[in-house]
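**Student:** Following this message is one structure expressed as structure tokens.
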Ligand code: G4P
């Protein structure tokens, strides 16, 4: 591919993560988008998960049950000339460090919120990582077909809890049974929720500069309409100004209202999103060089490794975000961590309905590399003369901890080998206790412990015992400030895998007590 056509191809990429609290409607909206893009043919492919069918974005579970080799948590489709890559972020009990790392591999995030509930705790955590990266965040307030909370209240909550400015791209006119439609401030029009009932089948109504409907007034329920119009007026006067720059910097979140289930407002959202979301941008490597998406040298980094839960299939898949250049099947790449050359023969992309071997992909795309244990999270691969090595991916402060030991003390060797490899792979974090030779493992979600247990047993033939310690606050301390006597039952001294000391505090009170007692000590956390 020539430089111009590579630029054209890359400019069409939109790679984003979709995040939400469980049940907010992430699966449903993903399905709608895949339908628009023609990547699935039938509604219900995603939605009917509870009736025994399955969701494209829920393939992991299904694949686990069926023993198929890998998960498909990346979906790709084309829409209006754009190539869209959606990265699913697992919720529920499946929440893990992988969820955070996925956010390192995208150029934007879409946050789905249940408008009958508002912002929930888990969304907050994910949001923090997006903010840290400075990527644009788009908000979809879902379930407008239900009687929800006041829209002004929802937007205010969004701004207060998440600490970001919001701009309403459109505004609901009623909700639940009174829902008439949305007033689209961005496109200057009204989108009718029940066109057959209210507007002779026409979905869109033009409004003039004063915000008034051009032509006949369709809505019987005038009061809902005029109330909404008053709020829109208020937004125009007192709300934030729209700024594409602020959106791109992740400082202003465009807010859309709609209903994924009834497919209302989703297309409007998708079209505005594709217009405003950035195409792939450059990434700085360790030497400080900005690696641009359109340069000749192919490069990318591994942000997730999916191991197979089926003992009959030991293969793993390393998820690679392409940062620059073009991938071609069979190409030779350099893996700087091992100073090793690798031929990329076996790779896959993630189309919605079937996984297929890919021949080529460009910056912004996500590809899966079959892996027999070569890759680690954060690995760079590249081609060309100039070495490229991207910064390590950040580690995230674990919150849940377990004591861990081999069931059979005679099997120390496989225990240590397995633990070491799984830690390197990024599946879990491990700590050594100061006062004994025992180990503690730390995770951000319960699932990580379950995966650890299964994989230790299946892949390393090591049965483990785990004793929950529960939630702890992990805070690192500079070695020169450390006095082991500072450790107590409320703040256990442990060392991480780089031999850096940290305390596991029982709770916030214990941490405050410690800081009062040792004011000169600086405690730090990971992200
Ligand atoms: P998730 O991936 O974020 O966990 O949410 P998912 O899409 O699975 O949706 C969770 C539930 O919310 C589903 O109902 C889904 O049908 C419903 N839902 C999604 N979007 C909307 C919407 O716009 N309006 C309304 N009213 N409901 C919505 P369920 O009862 O849990 O599942 P099902 O039995 O309907 O499949």
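**Student:** Simple spin-label model, 7 Å along Cα-to-Cβ: residue 133 to residue 8 in nm?
**Tutor:** Result for the modelled spin labels: 2.9 nm.
**Student:** For region 397-527, what is Rg from Cα atoms divided by 2.2 N^0.38 Å, rounded to two decimals?
**Tutor:** Compactness ratio reported: 1.08.
**Student:** Hey, what's the Cα Rg ratio for region 383-431 versus the globular rule of thumb, 2.2 N^0.38 Å?
**Tutor:** After normalising by residue count via 2.2 N^0.38 Å, the value is 1.67.
**Student:** Here's a follow-up. Using a 10 Å cut-off on Cβ atoms, rank the peptides 284-297, 321-334, 22-35 from the highest mean neighbour count down.
**Tutor:** Averaged packing, sorted descending, gives the order 22-35, 321-334, 284-297.
**Student:** Starting from the exponent 0.38 and prefactor 2.2 Å, build the expected Rg for region 137-251 from its residue count and divide its actual Cα Rg by it.
**Tutor:** Taking the Cα Rg and dividing by 2.2 N^0.38 Å, one obtains 1.09.
**Student:** Still on this model: What is the Rg over Rh value, at two decimals, for region 145-197, using alpha-carbon atoms and the Kirkwood definition of Rh?
**Tutor:** We get a ratio of 1.04 for region 145-197.
**Student:** Give the Rg (one decimal place) followed by the Dmax (whole number) of the chain, computed from C-alpha coordinates and expressed in Å.
**Tutor:** 25.0, 84
**Student:** For each of 302, 283, count neighbouring Cβ atoms within 10 Å of the residue's Cβ, then give the residues from fewest to most.
**Tutor:** Sorted ascending by nearby Cβ count, the order is 283, 302.
**Student:** Rg to Rh for region 462-527: what is it, with Cα atoms only and Rh by Kirkwood?
**Tutor:** 1.00
**Student:** Evaluate the distance, in nm, between pseudo-label points positioned 7 Å from the Cα of residue 498 and of residue 227 along their respective Cα→Cβ axes.
**Tutor:** Taking the two extended label points, one gets 5.5 nm.
**Student:** Please rank 473, 381, 317, fewest neighbouring Cβ atoms within 10 Å first, as an exposure proxy.
**Tutor:** 473, 317, 381
**Student:** If you wrap a convex hull around the alpha carbons of region 76-189, what volume per residue comes out, as a whole number of Å³?
**Tutor:** Expressed per residue, the convex hull around the Cα atoms of region 76-189 is 133 Å³.
**Student:** Moving to a separate point now. From the convex hull of the Cα coordinates of region 419-495, what is the mean projected area in square nanometres?
**Tutor:** 5.8
**Student:** When the chain is fully extended, how far beyond the present Cα-Cα distance does residue 286 get from residue 80, taking 0.36 nm per residue of separation?
**Tutor:** So the extension gain works out to 70.5 nm.
**Student:** Running Debye on region 196-308 with equal point scatterers at the Cα sites and no solvent, what base-10 log of I(q)/I(0) appears at q = 0.23 Å⁻¹?
**Tutor:** Scattering profile of region 196-308, log10 relative to I(0): -1.49.
**Student:** Here's a follow-up. In what sequence, highest mean first, do 366-379, 209-222, 97-110 appear when ranked by Cβ atoms within 10 angstrom?
**Tutor:** Sorting 366-379, 209-222, 97-110 by mean packing, highest first, produces 97-110, 366-379, 209-222.
**Student:** So if each residue of separation counts as 0.36 nm, and I subtract the Cα-Cα distance between residue 210 and residue 249, what length gain in nm does that give?
**Tutor:** Contour length minus the Cα-Cα distance gives 11.0 nm.
**Student:** Run the simple label-point estimate for residue 125 and residue 237 please: 7 Å along Cα→C-beta, distance reported in nm.
**Tutor:** Modelled inter-label distance: 4.3 nm.
**Student:** Further question on the same structure: Test of understanding: what is the full-extension gain from residue 507 to residue 150, defined as 0.36 nm times their sequence separation minus their Cα-Cα distance?
**Tutor:** 124.9 nm
**Student:** Return the calculated 222 nm mean residue ellipticity for the chain, to the nearest 500 deg cm²/dmol, obtained by summing -39500 (n - 2.57) across DSSP H runs with n ≥ 4 and dividing by the residue count.
**Tutor:** -7500 deg cm²/dmol
**Student:** Can you sort 476, 171 by how many other beta carbons sit within 10 Å, fewest first?
**Tutor:** Fewest-to-most Cβ neighbours within 10 Å comes out as 476, 171.
**Student:** What FRET efficiency comes out for the pair residue 526/residue 177, r = Cβ-Cβ distance, R0 = 56 Å, nearest 0.05?
**Tutor:** The computed FRET efficiency comes out at 0.75.
No lab work stands behind these numbers, since they all come straight from the coordinates. All values reported here derive from a predicted model rather than from experimental measurement. Because the Cβ atoms are built from the backbone with ideal geometry, glycine has one as well, and the counts that use them run over all protein chains shown.
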